[in-house]
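For reference, the structure is listed below as structure tokens.
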Amino acid sequence: MTSLYEEVTQVPDGVPTRRVTITVNGQKRTVDVEPRLLLAHLIRQGLKLTGTHTGCDTTNCGACTVLFDGRPIKSCTMLAVQADGHKVETVEGMGTASELHPIQEGFKEEHGLQCGFCTPGMMLAAKALLEKNPNPTEDEVRWALSGNLCRCTGYQNIVKAVLWAADKMRDQQA
Amino acid sequence: MYPSRFEYDAPKTLEEAIAILDRSGGEAKVLAGGQSLVPMLKLRFASPERIVDINGIPGLNHVRVDADGTLRIGALVRHEDMENSALLEKSYPTLAGAASLVADPIVRTRGTFVGSVCHADPQGDWAATMIALGGRIVAQGPNGRREIDMRSFVLGPFVTALAFNEIAVEAVIPGAKGTARGGYLKLERRVGDFATASVAVYLDMSGATVNRAGCALAGVGGRTIDANDAISVLNGKQLTDENIAAAAEAVADAADPRTDHRGSADYKRHIVKTFVTRILTGIARTEQKAA
Ligand SMILES: Cc1cc2nc3c(=O)[nH]c(=O)nc-3n(C[C@H](O)[C@H](O)[C@H](O)COP(=O)(O)OP(=O)(O)OC[C@H]3O[C@@H](n4cnc5c(N)ncnc54)[C@H](O)[C@@H]3O)c2cc1C
Ligand code: FES
Ligand code: FES
């Protein structure tokens with residue numbers, strides 16, 4: 001069976017593609033894409049960065065959230081060609097298994113995930129929040145994450161995780 | 001579903017973008033925030049031959065006020081720019097009130113004010129604010145610019161007065177003679193949902209007297225409901241309990257809700273009445289405190 005991505009990337013002769021250069025997690029990546037390829041699929045299947053999930057594919061769940069020039073976007077709702085010349089950050093850019101980002105540590109410490117499907121999107125939305133507002137209230141955290149759905153945790157521990165990370169990041173700054 | 005094939009252009013100037021639209025003879029679509037268009041492409045509700053991405057065109061992300069008080073909102077001003085604008089917070093309560101209620105915080109980083117008005121969704125929040133505020137859309141085409149009054153901009157659900165070779169470059173909102181007051185209330189089932197019912201109210205006031213009242217509704221009709229005539233019972237009057245009740249009644253009558261999964265028609269009409277009362281009473285209280 002061919003995947004959606006293969007269908008869209010095995011471009012028949014005569015169908016125009018575009019060469020785009022995107023800085024993904026600090027690294028320049030140059031690829032040829034059909035204009036209709038979605039950024040989420042370029043990231044997952046093309047660049048093999050499968051930390052970015054696609055849950056609903058209808059712009060509702062936020063599992064596909066990545067940072068686009070530092071702001072959170074739903075990558076299932078952007079064309080890969082639109083990212084030409086821009087910076088994209090995915091969960092793979094946040095930290096490594098041995099050196100977690102404070103937000104990742106927070107999710108671990110506060111049990112902010114169960115199945116983990118929503119987690120990458122949650123963490124990137126949280127990162128965007130903390131970059132603008134290093135000392136958010138609980139309400140502000142809930143508000144910032146309200147475009148991301150979680151079907152497991154009931155959100156309580158996700159909010160705690162982000163507040164934990166905010167504390168740690170402020171301590172590191174101090 | 002996956003979008004069907006299209007060609008893609010990312011022009012660097014408005015003139016270039018308009019020339020591409022013109023050459024495509026109606027087979028091209030403008031891409032702004034993409035938060036309605038990309039989902040429509042995926043569902044194949046739209047299958048244009050060409051996408052003209054305007055995100056790389058400079059000079060379209062301004063929110064500014066002219067010397068005569070006219071507010072101008074460029075085509076690339078995102079929902080979140082509206083939400084974060086100190087200017088709107090201070091002087092445009094109708095817009096500030098709606099800004100954080102449009103979609104969800106992540107959709108708001110991309111979706112644009114003008115794109116939302118162009119999408120002409122009967123449940124769209126910004127079109128309602130534009131009608132209440134007496135706004136106009138500045139359209140640019142091969143023959144230059146023209147201004148289209150919001151009351152004649154939306155022709156029906158998802159249909160506007162824009163020609164195929166025109167781009168909406170800016171939204172224009174006239175300044176108040178006196179002080180601008182107003183508000184926006186929306187009932188949604190959860191964050192990111194479209195309106196079960198929402199109400200945009202605008203008052204241009206001199207002291208305690210209303211010079212002009214404006215109102216429009218989303219979610220309670222086959223199109224954005226223009227309730228300016230209904231709320232005009234307040235023109236030249238003060239915000240007494242009696243006048244507020246009459247206005248709320250008149251606006252609720254103007255709604256044309258249908259029973260659906262979001263609620264019954266009666267329920268939605270009731271919400272409209274409650275919201276109008278709530279916004280107007282809030283303004284009356286602030287006026288009393290100031291006096
Ligand atoms: C999950 C979700 C929830 C949402 N909830 C709400 C909500 O509660 N309330 C609400 O109001 N909206 C909601 N929306 C829609 C959102 O506000 C969109 O951003 C908006 O409707 C379209 O703006 P855009 O800039 O994304 O336009 P696009 O998607 O880029 O374009 C929409 C249409 O307008 C045309 N267009 C756009 N800009 C121009 C222009 N400058 N000149 C000419 N034509 C143009 C396009 O060709 C297209 O036909 C929601 C969307 C999603 C995905
Ligand atoms: S997969 Fe993109 S929002 Fe759900
Ligand atoms: S942890 Fe399972 S969806 Fe959030």
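Annotations for the structure displayed:
- Euclidean distance of C-alpha centroids, the stretch A:23-67 and the stretch A:80-157, integer Å: 16
- Pairs spanning more than 21 Å between alpha-carbon atoms, out of A:LYS87/A:LYS132; A:LYS108/A:LYS168; A:LYS28/B:LYS42; B:LYS186/B:LYS268; A:LYS160/B:LYS186; A:LYS132/A:LYS160: A:LYS28/B:LYS42; A:LYS160/B:LYS186.
- Residue (of B:ALA28, B:ASN228, A:GLN156) at the positive-pole extreme of the protein assembly as shown, dipole from beta-carbon charges: A:GLN156
- Note: relative contact order over chain B, using C-alpha pairs below 8 Å and six or more positions apart, is 15 percent.
- Shielding score for A:141-149, defined as the mean number of other chain Cβ atoms within 10 Å: 4
- Here the stretch A:79-168 is assigned +1 on the Cβ of each Lys and Arg and -1 on the Cβ of each Asp and Glu. Its dipole about the Cα centre then comes out at about 180 debye.
- Rounded to the nearest 20 debye, the dipole size of chain B about its Cα centre is 420 debye, using +1 on the Cβ of Lys and Arg and -1 on the Cβ of Asp and Glu.
- When only alpha carbons are used to place a centre, the stretch B:114-137 and the stretch B:201-243 end up 17 Å from one another.
- Within a Gaussian network of chain B (alpha carbon springs, distance under 10 Å), most fluctuating of B:GLY141, B:GLY183, B:GLY56: B:GLY56
- Computed magnitude of the charge dipole of the protein assembly as shown (debye, nearest 20; Cβ of K, R +1, Cβ of D, E -1): 260
- Structural descriptor for the stretch A:4-93: relative contact order 33 percent, calculated from alpha carbon pairs under 8 angstrom and at least 6 residues apart.
- Sparse-neighbourhood loop sites, GluC sites (Glu not before Pro) in the stretch B:31-83 - DSSP loop, at most 14 other Cβ within 10 angstrom: B:GLU49
- Helical runs (DSSP H, four residues minimum) scored at -39500 (n - 2.57) apiece and divided by the length of the protein assembly as shown put the mean residue ellipticity at 222 nm at -9500 deg cm²/dmol.
Rule-based calculations on the coordinates, nothing more; no lab input. Quick caveat: nothing in here was measured; it's all calculated off a predicted structure. Note: ideal-geometry Cβ built from the backbone for every residue, glycine included; neighbour counts use all protein chains shown.
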